[in-house]
Amino acid sequence: MTDKILIIDFGSQVTQLIARRVRENGAYSEIRPFNNIKSDEISAFRPNGIILSGGPASVTKISTPRAPDEIFSMGIPILGICYGQQTMVEQLGGNVNSSDEKEFGRAELNISDNCDLFNGIFTLGDKKQVWMSHGDRVTKLPEGFKVVGSSNNAPFAAIADDNRKFYGLQFHPEVVHTPDGTQIIKNFTHKISGCSGSWNMSSLRDSKIEKIKSQVGSSSVICGLSGGVDSSVLAILLNEAIGSQLTCVFVDTGMMRAGEAEEVISLFRDHYKIKLVHNDASRIFIDKLAGIIDPEEKRKIIGNTFIDIFEAEAKKIGGVRFLAQGTLYPDVIESVSFLGGPSVTIKSHHNVGGLPERMNMELVEPLRDLFKDEVRLLGKDLNLHESFVKRHPFPGPGLAIRIPGEITKEKINILQRADKIYLEEIVKADLYDKIWQAFAVLLPVQTVGVMGDSRTYDCVCALRAVTSVDGMTADFFHFEMGFLGHVTNRIINEVRGINRVVYDTTSKPPGTIEWE
Ligand code: XMP
């Protein structure tokens with residue numbers, strides 16, 4: 001493989017976004033922590049270029065992270081981003097100071113000189129939007145560097161030494177709020193570092209398969225399959241890598257969408273011929289949730305019950321050494337901070353944590369460095385059926401967190417029917433792929449209605465549909481009123497138990513996507 005970029009990580013929240021941009025530009029990248037990479041490993045990896053990430057530390061303090069000094073004499077192009085720029089400047093003889101004038105968010109970059117990094121993107125005198133997030137700033141350049149861009153609070157916002165091919169950016173080219181960022185990174189990977197752009201999703205698939213094989217050897221692996229995009233892609237990937245050593249366990253909580261359990265079984269067991277254990281645990285879940293109203297308590301009960309059942313199934317299979325999980329990068333970054341402290345828990349997501357500790361198994365997490373849309377692309381590359389690849393996200397606790405208040409079998413049934421109509425109409429109107437997630441919620445509120453000549457006193461159903469890129473922020477989807485009216489009519493006419501339908505127009509934040 002020729003196109004390789006090494007990313008040295010200083011703990012930025014968005015280091016994986018750098019890797020993602022590099023992937024989008026058709027080059028392979030590996031992320032290594034600043035304190036765990038030796039120069040002989042760098043030489044052996046033979047990167048075309050090195051990117052130094054941002055990070056939460058300050059180079060003005062002693063004992064803060066530094067890049068391995070050797071990289072500056074290897075003749076390899078280097079791009080330092082934010083903290084990466086500052087440590088490069090400091091290590092090469094320049095200066096960095098803490099500033100009272102911090103810069104967070106949108107800033108304007110004034111292009112003051114040409115350099116290869118900006119080739120074909122910016123010209124002298126341009127003013128361009130970039131995204132900043134810094135307190136410290138460069139105040140003196142090392143020999144050989146020139147300023148190529150500045151902002152209000154960062155006189156050295158972009159610096160370049162075209163001879164040595166060293167570049168530094170105070171702003172973050174990897175985030176979407178720097179509109180030309182991907183192109184800047186492409187200039188670094190292609191024009192400056194000589195990558196050809198030949199690396200693609202199939203290369204990623206092949207390297208993931210190789211890694212799984214070498215991690216697992218001839219041992220057995222189990223994988224929890226829910227039918228969601230992540231676990232489906234994971235199962236197919238594992239099947240390609242180590243087919244006969246794999247058993248998937250599908251724990252049916254009874255709180256899936258209508259018809260979903262059957263679909264999962266038919267695709268994975270009948271079509272892919274994957275060894276699949278189907279545990280219908282709906283009675284157990286519903287019994288355990290009886291009388292529970294608090295959303296966090298519901299989530300914990302569901303999470304723990306799931307683990308109990310999964311563990312029992314694993315014991316039955318016996319001799320399993322590895323547990324495969326479809327953990328994605330956003331799951332990782334939301335649950336662990338750079339300094340090791342937990343971030344604030346808004347909701348205890350049921351598929352992160354719990355299982356591995358209890359089961360004493362080694363983890364296989366091949367999707368851990370990917371974002372949801374990349375997982376979809378990988379699924380497509382693996383020929384996973386479109387209806388699974390494009391499926392809206394569905395939470396582990398399922399419909400339980402879409403029934404505020406007490407959960408009963410009857411309520412689940414009412415919700416499944418309303419939800420099915422809503423999604424049918426969304427698909428019919430060709431809106432499914434334009435929406436990140438759409439679902440119905442059954443409220444514990446009854447209202448008075450009139451049907452025929454009779455009084456009704458039934459539940460309210462709320463409809464939710466959001467647009468989002470990663471589920472971290474979201475906006476409500478702007479349906480035509482006529483569409484909502486039509487869905488409302490169908491639900492009220494066809495689902496006994498609902499006599500009023502409302503539409504949720506809350507964004508995230510301040511709301512969350514799910515109601516509980
Ligand atoms: P919220 O409601 O936190 O949801 O805005 C963000 C995204 O995560 C999904 N979600 C979950 N997914 N286990 C999951 O696998 C969970 O416990 C869980 N809770 C929420 C939610 O559907 C949305 O896509």
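The values are calculated or read from the model by the stated rules, or taken from the named source; none is laboratory data. All values reported here derive from a predicted model rather than from experimental measurement. Note: ideal-geometry Cβ built from the backbone for every residue, glycine included; neighbour counts use all protein chains shown. With ligands, DNA and RNA removed, areas are computed over all heavy atoms of the protein, side chains included. Shrake-Rupley method; radii C 1.70, N 1.55, O 1.52, S 1.80 Å.
Taken over segment 55-94, residues that are at pLDDT below 95 and more than 23 Å from Thr189 (Cα to Cα) amount to 10. The single residue among Arg455, Arg464 that is surrounded by fewer than 19 Cβ atoms within 10 Å (Cβ to Cβ), more than 19 Å from Ala261 (Cα to Cα) and of a type in the set (Lys, Arg) turns out to be Arg455. Residues that are more than 14 Å from the ligand (Cβ to nearest atom), under 19 Å from Arg21 (Cβ atoms) and either open to solvent by less than 10 Å² (accessible area, probe 1.4 Å) or in contact with a strand residue (DSSP E or B) (Cβ under 7 Å, 6 or more places away or on another chain) (or both) within segment 375-390 comprise just one, Leu378.
Residue count for segment 433-449 satisfying the condition of being away from the ligand (no atom under 15 Å from the Cβ) and either at pLDDT below 95 or within 25 Å of the chain's Cα centre (by Cα) (or both): 2.
In the condition set (1) without any contact (Cβ under 8 Å) to a residue 40 or more places away in the chain; (2) outside any helix (DSSP H, G or I), Asn239 is compliant with all but (2). The set of residues in segment 467-500 that are within 16 Å of the ligand (Cβ to nearest atom), exposed (fewer than 15 other Cβ atoms within 10 Å of the Cβ) and assigned to a loop (DSSP other than H, G, I, E, B) comprises Val469, Asp470, Met472, Thr473.
If you filter segment 275-308 down to residues that are outside any helix (DSSP H, G or I), touching a residue at least 40 places away in the same chain (Cβ under 8 Å) and more than 16 Å from the ligand (Cβ to nearest atom), you find that the one that is most open to solvent (accessible area, probe 1.4 Å) is Ile293. Could you list, in sequence order, all residues of segment 391-413 that are assigned to a helix (DSSP H, G or I), open to solvent by less than 20 Å² (accessible area, probe 1.4 Å) and more than 16 Å from the ligand (Cβ to nearest atom)? Passing the criteria: only Ile412. Residue-level analysis places Ser219 outside the set of residues that are within 16 Å of the ligand (Cβ to nearest atom) and out of contact with any helix residue (DSSP H, G or I) (no Cβ under 6 Å at 6 or more places or on another chain). Scanning segment 1-22 for residues that are open to solvent by 30 Å² or more (accessible area, probe 1.4 Å) and within 17 Å of Ser207 (Cα to Cα) yields Met1, Thr2, Lys4, Arg20. Counting only strands (runs of 3 or more DSSP E) wholly contained in segment 25-89, the ones carrying 1 or more residues that are crowded, with 21+ Cβ neighbours inside 10 Å and of a type in the set (A, V, I, L, M, F, W, C) occupy 49-52, 78-81.
Per-residue answers, yes or no, for (1) touching a Leu at 6+ places or on another chain (Cβ under 6 Å); (2) within 25 Å of Ser63 (Cα to Cα); (3) not in a loop (DSSP other than H, G, I, E, B):
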| residue | (1), (2), (3) |
| --- | --- |
| Gly93 | no, yes, no |
| Asn97 | no, yes, yes |
| Leu124 | no, no, no |
| Phe156 | no, yes, yes |
| Phe171 | no, yes, no |
| Glu174 | yes, no, no |
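Among the residues of segment 209-236, those identified as part of a strand (DSSP E or B) and not β-branched (Val, Ile, Thr) are Ser220, Cys223, Gly224. Filter segment 175-198 down to the residues that are closer than 12 Å to Gly80 by Cα and under 23 Å from the mean Cα position of the chain (by Cα) and list them by number. Result: Ile185, single match.
For segment 207-266, residues that are among the acidic types (Asp, Glu) and either on the phi > 0 side of the Ramachandran plot or open to solvent by 40 Å² or more (accessible area, probe 1.4 Å) (or both) total 4. When Val450, Val427 are checked against the criterion of being of a type in the set (Val, Ile, Thr) and closer than 27 Å to Ile407 by Cα, Val450 stands alone in meeting it.
Scanning segment 72-94 for residues that are farther than 12 Å from Gln170 by Cα and not aromatic (Phe, Trp, Tyr) turns up Ser73, Met74, Gly75, Ile76, Pro77, Ile78, Glu90, Gln91, Leu92, Gly93, Gly94.
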